[in-house]
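Where a number appears in this text, it was derived from the coordinates with a stated rule and is not lab data. For clarity, every value in this text was computed on a predicted model and none was experimentally measured. A quick note on method: Cβ atoms are made from the backbone with ideal geometry, for glycine too, and the neighbour counts reach across all protein chains shown.
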Amino acid sequence: MVVEAGLAGEASPSGTSARGLDPEWGVGAWIWDTNRFDKQTCRFWRAVDIPSDAPVARARLRITADNGFRLLVDGREVGRGSDWRSLTEYDLTALLRPGRHVFAVEAFNDRLEAGLLAGLVISFMDGRVVEIGSDTNWWIVPREERGWERRRQPGPGWRPAVVVGAFGAAPWTTRPLAVTEVPPLRPLELRFWQQGWFQLTLLACCGATVVYCVGLMVRLAGQREAERLLQRERVRIARDLHDELGAGLTQLLLLAEVARKEPGPWERVRESLEALCGRARALSVALDEIVWAVNSRRDTLRDFVSHTCKYAQSFLGQAGVRCRLEVQADLPAAPFALPSRRNLFLAVKEALNNAVKHSGAAEVFLILRCGRDLVTVIVEDAGRGFDPALLPADRNGLANLVQRMSEVGGHCVVESAPGQGCRVTLEVPLHPPTTRGWKRFRFGGSDPPGAKAAGELRAMPMPCRGADGRKP
Amino acid sequence: MNAEVYKPTDRALPGPLRVALVEDQREVRESWARLVGSFPEFRCIATCASGEEALRTLPALRPEVILMDIFLPRMSGIECTARLKATLPDSKIVILTASDDDEMVFLALEAGADGYLLKRTEPESLRAALLDVWKGGAPMSSVIARLVVESFRQKGRGQADTVRLSAREEEILVLLSKGYTNKEIADRLEVSTETVRTHLKHIYEKLHVRSRAEAVARYMTARLPRAEG
């Protein structure tokens, strides 16, 4: 029973009618392109529509080619052969689900005769049998065509194949030597990890992970920087403890020993003891200062301001200079990192020291302000003043100030003129430059303001202060 | 403490001031007792090793001045101050601190302390400071003055808000916070130093009244200074 009509439909070239398959071997005729040459690759294309109302009971395809072939069903390669004398049989039962299926054969001719021989027999559950042989209903695909093995329709420039010889006719008079049966083919089932969406998601995950890792690495680098800083601080603290406390305690001990061994009058012993008390007191102050500098509970701006005010008052008080404080009301309790507050404090100390030593002023103003991310401390006096231009560059404490400020990304301006007093303005960012560096990396952007360390000595007349400040 | 030198002629004392000490370290306690006793103006009548002991013994003795260590085992000096002040409102309590910690001192002042001293204070300053405290107008450092002004300006403290500083009192506090001494403030405001001292006394009282309006319990559990450190 041969029922082919309505199966291949428009997917076959018109004209030549289908011929039956060879009853013994179940194949059609030898077909090829109209012209033939050596080392030729010829592509054949054929579509088969499987109706949805009748499931396929069995489908087998026998194929061979002179000299070789590659068979693709629905774009998937199912087999190859290279001996024209033996037929290869493929069981396609599982592949031929209802719908259109595309058979594509890439045949290769080495030299002289060339041909493709094939026969497809499909038995349906309802008893129908469809036989499709190699005949003129196959299309020849031009060489330049891409993705042809997946095309659902024949292309516009395609030609029908031509029969170059009947089965068993010359030059292929030899009967097939054997039929090689290939185990039944199973439809390809894509596992979830083979699906596009999954691979895309995986790729996205990988990308995100890489980005996250890079972020982590950058953070790690930042942390390492912080650790380095901490290490430096630890070394400094150890040095301070050793230099200040260690040396101080040794002095105490010596003073006490001297007092103990003092053979002289009571007054001498008393003097020694008084020196001992004074030294111990100074030591206690030094300890307070060291502890303040490292106490993490004191890492806020308020604490910095309190400490600085107290220091200024006590230092200026001892020097017999009046201390005037102007602290901005409602200072934020913002954190103020250790290196910044330490350097700023030491700079203020230096500035106060300079004022006491050189200005000859009766009072010194200490002004503390805080902007959004900038802490400003101004030390001002109405004393002698000086001409910054005449100051020898190598020996002034002002260079120290500049150095200290630049260490923490701050800024220092010294304004003075002879007879006009002196004003030292110290500005430090609330957040240390290390985190700023990381931010710069992250946002790949511009230099943050204040990052450029700068110090300058500027000669300028001092503007008069308002009535609220200094009394005449 | 930026105390002014006390002149004994300012006011005649009926007798030596009766001073009590609360300090947990034995050596420090005994040294302080001897130091205080070495001045003719003071007599050390009791020493306590803990806040609990102080609460047990001091109310009966009614000392005029109590020197209180801020770091005590179990009950902190701040809590002890708050409790003692409730039973001995007329005794003056002076906080002793080893380190200059303003926040802590301010907490103590709020709890009812009348002044504070660094433990390393020279004996002469100690004498002056104790006498100042007894007279009511304990000197106030600029930092503490600033904290007091800020705390009074703060809103939202419930009924304690009814206690307010007068304009003059605030003026004095602001001058103090700018580093002026009592004497300079007196000159500037054209009043006597005694008046400035009286104002300070009122400021301390208001601070105490205000904190009394809040629960004493505030100092009992949450704010133990040792736990914070």
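Report the convex hull volume per residue for the range B:17-137, counting only C-alpha atoms, in Å³. Could you put the intermediate results ahead of the total?
Working: hull volume 10.8 nm³, N = 121.
Dividing the Cα hull volume of the range B:17-137 by its residues yields 89 Å³.
Just tell me how shielded A:38-50 is by partners: mean number of partner chain Cβ atoms within 10 Å of each residue's Cβ, no decimals. Can you show the working numbers first?
Details: counts 0, 0, 0, 0, 0, 0, 0, 0, 0, 0, 0, 0, 0.
Averaged over the peptide's residues, the number is 0.
Note down the Stokes-Einstein diffusion coefficient of the range B:78-129 in µm²/s, whole number, using a Kirkwood radius over alpha carbon pairs, 25 °C, and 0.890 mPa s.
Numbers: Rh = 11.4 Å.
In µm²/s, the coefficient is 216.
Could you work out, residue by residue across A:290-296, how many beta carbons of other chains sit within 10 Å of that residue's beta carbon, and then give the average as an integer? Kindly include the intermediate steps, with their values, before the conclusion.
On the way: counts 0, 1, 3, 0, 0, 3, 0.
If you average over the peptide's residues, the count of other-chain Cβ atoms is 1.
Using the alpha carbon gyration tensor of the range A:9-188, what are the three equivalent-ellipsoid semi-axes (square root of 5 times each eigenvalue), largest first, in whole Å?
Working: eigenvalues 108, 73, 48 Å².
Output for the range A:9-188: semi-axes of 23, 19, 15 Å.
Could you work out the percent of alpha carbon pairs in chain A separated by over 34 Å, rounded to a whole number?
Working: 68456 of 111156 pairs.
Of all Cα-Cα pairs in chain A, 62 percent lie more than 34 Å apart.
By how many degrees, between 0 and 90 and to the nearest 10, does the Cα long axis of helix A:397-407 differ from the longest principal axis of chain A?
20
Sort B:CYS80, A:CYS370 so the one with the fewest other Cβ atoms within 10 Å of its own Cβ comes first.
Details: B:CYS80 29, A:CYS370 21.
Starting with the residue having the fewest Cβ neighbours, the order is A:CYS370, B:CYS80.
For chain A, which longest stretch is free of loop sites, where a loop site is one of the trypsin sites (Lys or Arg not before Pro) that DSSP puts outside H, G, I, E and B and that has at most 13 other Cβ atoms within 10 Å?
Numbers: sites that count: A:LYS39, A:ARG85, A:ARG111, A:ARG143, A:ARG146, A:ARG152, A:ARG191, A:ARG372, A:ARG395, A:LYS452, A:ARG465.
The longest such stretch corresponds to A:192-371.
Using the number of other C-beta atoms within 10 angstrom as an exposure proxy, rank B:THR81, A:THR201, B:THR198 with the fewest first. Let's see the in-between values first.
Numbers: B:THR81 28, A:THR201 11, B:THR198 15.
In increasing order of surrounding Cβ atoms, one gets A:THR201, B:THR198, B:THR81.
Between the range A:343-379 and the range B:100-118, what's the alpha-carbon centroid distance in Å?
If we compute the Cα centre of each part, the gap is 27 Å.
With a Förster radius of 25 Å, plug the Cβ-Cβ distance of A:ASP126 and A:ALA178 into 1/(1 + (r/R0)^6) and report the FRET value to the nearest 0.05. Before the final figure, lay out each step's value.
Numbers: r = 33 Å, r/R0 = 1.31.
E between A:ASP126 and A:ALA178, to the nearest 0.05, is 0.15.
For a bin width of 10 Å, list the pair-distance distribution of the range A:22-88 built from all Cα-Cα distances, rounded to whole %.
Cα pair-distance distribution for the range A:22-88, in percent: 15, 46, 32, 7, 1.
As a check on your grasp of the helix formula, calculate [θ] at 222 nm for chain A: sum -39500 (n - 2.57) over DSSP H runs of n ≥ 4, divide by the residue count, round to the nearest 500.
Numbers: 7 runs with 146 residues, N = 472.
That calculation yields -10500 deg cm²/dmol at 222 nm.
Please state, rounded to one decimal and in Å, the Kirkwood hydrodynamic radius that the range A:84-168 gives when every pair of distinct Cα atoms enters the mean of 1/r. Could you put the intermediate results ahead of the total?
Details: mean 1/r = 0.0659 Å⁻¹.
With all distinct Cα pairs of the range A:84-168 included, I get 15.2 Å.
Please compute, for peptide B:178-191, the average count of beta-carbon atoms on other protein chains lying within 10 Å of each residue's beta-carbon.
Working: counts 9, 15, 4, 4, 0, 0, 3, 0, 0, 1, 1, 0, 0, 0.
Going residue by residue through B:178-191 and averaging, the value is 3.
What is the fewest-to-most order of A:ASP38, A:ASP303, A:ASP110, B:ASP102 by other Cβ atoms lying within 10 Å of their Cβ?
Working: A:ASP38 9, A:ASP303 19, A:ASP110 13, B:ASP102 22.
Lowest to highest Cβ neighbour count: A:ASP38, A:ASP110, A:ASP303, B:ASP102.
Compute the acute angle (0 to 90°) between the alpha-carbon long axis of helix A:247-261 and the principal axis of greatest extent of the alpha-carbon atoms of chain A; round to the nearest 10°.
30
Starting at the first residue of the range A:232-238, write each ³J(HN,Hα) from the Karplus equation 6.51 cos²θ - 1.76 cosθ + 1.60 with θ = phi - 60°, in whole Hz, x for Gly and Pro.
4, 4, 4, 4, 5, 4, 4
Report, to two decimal places, the Cα Rg of the range A:198-306 normalised by 2.2 N^0.38 Å (N = number of residues). Don't skip to the answer; put the middle values down first.
Numbers: Rg = 27.0 Å, N = 109, 2.2 N^0.38 = 13.1 Å.
Rg over 2.2 N^0.38 Å, computed on Cα atoms: 2.06.
For the Cα atoms of chain A, what angle does the longest principal axis make with the long axis of helix A:338-354, in degrees from 0 to 90, nearest 10?
30
For A:ARG322, enumerate residues with amide H under 5 Å from its amide H, sequence gap 5+ or separate chain, H modeled in the peptide plane.
A:GLU363, A:VAL364
Within 10 Å of each candidate Cβ there may be at most 16 other Cβ atoms; applying that plus a DSSP loop requirement, which trypsin sites (Lys or Arg not before Pro) in the range B:13-108 survive?
B:ARG74
Output the pairs from B:LYS135/B:LYS206; A:LYS310/A:LYS349; B:LYS119/B:LYS206; A:LYS310/B:LYS178; A:LYS357/B:LYS178; B:LYS119/B:LYS178 with a Cα-Cα distance over 18 Å in this structure; if there are none, say none.
Numbers: B:LYS135/B:LYS206 16 Å; A:LYS310/A:LYS349 12 Å; B:LYS119/B:LYS206 27 Å; A:LYS310/B:LYS178 11 Å; A:LYS357/B:LYS178 22 Å; B:LYS119/B:LYS178 25 Å.
Pairs exceeding 18 Å: B:LYS119/B:LYS206; A:LYS357/B:LYS178; B:LYS119/B:LYS178.
Throw me the Rg/Rh for the range B:14-87, computed over C-alpha atoms with Kirkwood Rh, two decimals.
On the way: Rg = 11.7 Å, Rh = 12.2 Å.
Here the Rg-to-Rh quotient is 0.96.
Across the range A:151-223, what fraction of all alpha-carbon pairs, as a whole percent, falls in each successive 10 Å bin from zero upward?
13, 14, 17, 18, 13, 12, 8, 5, 1
Subtract the Cα-Cα distance of A:CYS205 and A:ASP49 from 0.36 nm times their separation in residues, and report this length gain in nm to one decimal. Show your work: numbers first, answer last.
Numbers: separation 156, 0.36 × 156 = 56.16 nm, distance 4.14 nm.
Stretched out fully, the A:CYS205 to A:ASP49 stretch lengthens by 52.0 nm.
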